[in-house]
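Below is one structure, written out as structure tokens; the observations come after it.
Read the figures in this text as sums done on the coordinates, not as results from a lab. What you see is a predicted model; the values in this text were computed from it and never measured. As a convention, Cβ positions derive from the backbone with ideal geometry for all residues, glycine included, and neighbour counts pool all protein chains shown.
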Amino acid sequence: MFKTQVLQSFAGFDEFLGYLCIAAGLLILFVALYVRITPYREIALIREGNRAAAYSLSGTLLGMAIPLASAIEHSVNPVDMVIWGAIALAVQLLVFVLARMALPNVATDIPAGKEASGLFLGVVSLAGGILSAACMTY
């Protein structure tokens, strides 16, 4: 009986791995695109101890991970999850463009270590992700 319960628990493990790999791939793709559209180098700035860059990129990662989680939860198959994950990716990139319009100096503030700008950008990205995830309740 115990062996049967254990085997039943692992019955969906291949689906778990599939969705996890897709989500990780989308997250990596998002970060690769995001760091290319920003006018500063987040990873290098973070390595130098720049908190503004860390706040910004951390919020952006969470802002993408939340709708990815929603896409996984609500999708009917992996292709559906990829479609909604791609939509979430586009929304997050748009959020950055809009945030940059609202705070035009962010391109110089974050490399200068102005934490308020980094925190603002991170929170805006997080808010965009939460709203995007909430809209995925089809």
* Convex hull per residue volume in Å³, alpha carbons only, for the chain -> 122
* Length gain on complete extension for the stretch Glu48 to Thr137, per 0.36 nm per residue less the alpha carbon to alpha carbon distance? -> 28.0 nm
* Anyone know which of Asp14, Asp80, Asp109 comes out most mobile in the 10 Å Cα GNM of the chain? -> Asp14
* To do: With an 8 Å cut-off on Cα pairs and a minimum separation of 6 or more residues, tell me the relative contact order of the stretch 14-134 in percent.
  => 39
* **0 to 90° range, to nearest 10: angle between helix 51-74 axis and the chain longest Cα axis** => 30
* Would you kindly derive the ³J(HN,Hα) couplings of the stretch 83-97 from the backbone phi angles with the Karplus curve 6.51 cos²θ - 1.76 cosθ + 1.60 (θ = phi - 60°), listing them in order in whole Hz, with x for Gly and Pro? => 4, 6, x, 5, 4, 4, 4, 4, 4, 5, 5, 5, 4, 4, 4
* Structure fact -> Gyration tensor on Cα atoms of the stretch 1-67, a ≥ b ≥ c root eigenvalues, a/c under 1.5 rounded, else prolate if a/b beats b/c, else oblate, says prolate
* Asked: Roughly how many debye, to the nearest 20, is the charge dipole of the stretch 14-134 about its Cα centre, given +1 on each Lys and Arg Cβ, -1 on each Asp and Glu Cβ, and no other charges?
  -> 500
* To do: Pop out the ³J(HN,Hα) list for the stretch 43-49 in order, Karplus 6.51 cos²θ - 1.76 cosθ + 1.60 with θ = phi - 60°, rounded to Hz; leave Gly and Pro as x.
  => 4, 4, 5, 5, 4, 7, x
* To do: Go through the stretch 125-131 residue by residue and turn each phi into a ³J(HN,Hα) via Karplus (6.51, -1.76, 1.60, θ = phi - 60°); whole Hz please, and just put x for glycine and proline.
  => 5, 5, 4, x, x, 5, 5
